[in-house]
Amino acid sequence: MEPKRILIVEDDDVEAKIITHNVERLKHKVIGRASDAESALNLFKTQQPDLVLLDFNLEDEIDGSELASELIKLKNVPVVFVTSADDESSFNKILKVEPDGFVQKPIHPREFQAVLELALYKKEKERVMETLTQSLDEKVKHQTKELGMVVNSLVEQMAENKKITEKLEQALEAERYLGQLKSRIISNLSHEFKTPLASIRSSAQLIQSIIRKGQETEKSLKHAERVQDAVDSLTEILNRILLVEKNEQFKLTKEPTLIDVGAFFESVKKEMNESVCVDVSADYSLHTDVENIETDPKLLRLILDNLISNACKYSEPGGEVYVNMEVKGKKLLISVADEGIGISEEDLPQIFDRFFRGENVGSIEGTGIGLSIMNRCLDLLGGEVKVESTEGKGSEFKVEIPLDE
Ligand code: ADP
């Protein structure tokens, strides 16, 4: 064992010499001798010994056991008591302090060597253990930190995966919607095109046979007219589709002008009564204190046309339709009510979707575009619509449009 630095605390000169002799015999170095507690503490602080040999029966204000606790508080070095006491109560006192060893006076060199080396060896091992524990602690801390980072990155990865799944689900939903839209368009349009095309075909065949027979009569003119009507009806359907398309590509715009509200309402009434509302009895009423209002007549017309033509079209022949328009302050209020086929609760939320047609429309013609056009016009005018409908009883569409100053 390499030489260690030993501090001796002993108030008896002779005993101190004996101890010094025994220490040096073991090739260790005595770095100082203190005969009282104060000088012991000073030497301990300045010399930093590796071990303290301490007289248990120190004749001072504090005894050996108290001094030992003070020293250990400063630095954890081994303390070995050297004592002449051999009674049980002194032993118990010594044991309470838990010293690193104790040697009985008079000193026996072999016993002294064994106690001293064992105390140094034990302390050395404790130090090694402490260092190991510290490095183990650090490793655990480091690994806990790394584990935390791995957990965090896993959590981030999971959040990322969730986002990707959500996006995929949205894409799938959009795909599903487009699929439904496609089949709606195909079924609506094929139905709408079939009747006029069949009529064109049969009329063309009849005109052909009339020409072959060389009998151009009133009849052939009638068939030619039918062809024209059928073509007009197809053109109308195509125009509606193009309007939706145009809205998407070039955007419908709002161009407000001052309009004569009475004249405007009259022209709507006239046109509707002459076309789609011929078979029903339509009741029109207008309430206004002002003559002119500022709005876009083209958009307003599209809104009224779609609502009134639907009310007439989805009513039984002879049914009643009520169209009300009112200028109230800075608002234009429109209500279109009918007593027709109505809309089921299930279909109601979808009627403004493009190409959607209710389950109960039967053979009533339509493309499912009108209300989506109307909705777009309302958006542009900053208005809103509310619908109340009972299947088999009728519907009421209420529109509110803010008027430009
Ligand atoms: P279309 O009338 O050409 O089918 P719309 O977009 O105008 O298309 O209307 C969408 C659907 O809303 C109609 O197919 C119909 O089922 C329902 N609908 C709209 N207005 C009425 C109404 N007044 N009475 C009953 N159903 C209506």
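The values are calculated or read from the model by the stated rules, or taken from the named source; none is laboratory data. What you see is a predicted model, and the numbers here were worked out from it, not measured in a lab. Note that we place each Cβ from the backbone using ideal geometry, even for glycine, and neighbour counts take in every protein chain shown.
Return yes when residue 324 is away from the ligand (no atom under 14 Å from the Cβ) and over 41 Å from the mean Cα position of the chain (by Cα) and no when it is not. Criteria met by residue 324. Applying the criterion of at least 1 residues that are basic (Lys, Arg) to the strands (runs of 3 or more DSSP E) found wholly in the range 1-58 leaves 5-9, 29-34. When 392, 318, 368 are checked against the criterion of being part of a loop (DSSP other than H, G, I, E, B), among the small types (Gly, Ala, Ser), without any contact (Cβ under 8 Å) to a residue 60 or more places away in the chain and within 11 Å of the ligand (Cβ to nearest atom), 392 stands alone in meeting it. Of all residues assigned to the range 362-376, none qualifies as being modelled with pLDDT of 95 or more and touching a Leu at 6+ places or on another chain (Cβ under 9 Å). Checking every residue in the range 108-125 against the condition of being loosely packed, with under 10 Cβ neighbours inside 10 Å and modelled with pLDDT under 90 gives zero matches.
In the range 329-340, the residue that is surrounded by the most Cβ atoms within 10 Å (Cβ to Cβ) out of those that are within 19 Å of residue 266 (Cα to Cα) and not small (Gly, Ala, Ser) is 336.
If we scan the range 314-326, do we find a residue that is among the polar types (S, T, N, Q) and either touching a strand residue (DSSP E or B) at 6+ places or on another chain (Cβ under 8 Å) or closer than 15 Å to residue 256 by Cα (or both)? Yes, the conditions are met somewhere in the range 314-326.
Could you check the range 82-114 and list, in sequence order, the residues that are touching a residue at least 24 places away in the same chain (Cβ under 8 Å), part of a helix (DSSP H, G or I) and of a type in the set (A, V, I, L, M, F, W, C)? Within the range 82-114, 94, 112 qualify. Note on the range 371-389: residues that are part of a strand (DSSP E or B) and within 13 Å of the ligand (Cβ to nearest atom) total 4. Within the range 345-359, residues that are at positive phi reach partners that are near the ligand (Cβ under 6 Å from one of its atoms) with beta carbons closer than 6 Å, at six or more positions or on different chains, in the pairs 355/368. Scanning the range 266-311 for residues that are more than 13 Å from the ligand (Cβ to nearest atom), within 27 Å of residue 229 (Cα to Cα) and hydroxyl-bearing (Ser, Thr, Tyr) yields a total of 3. If the condition is being β-branched (Val, Ile, Thr) and either in contact with a Cys (Cβ under 7 Å, 6 or more places away or on another chain) or assigned to a helix (DSSP H, G or I) (or both), then the range 261-310 contributes 261, 268, 276, 280, 303, 308.
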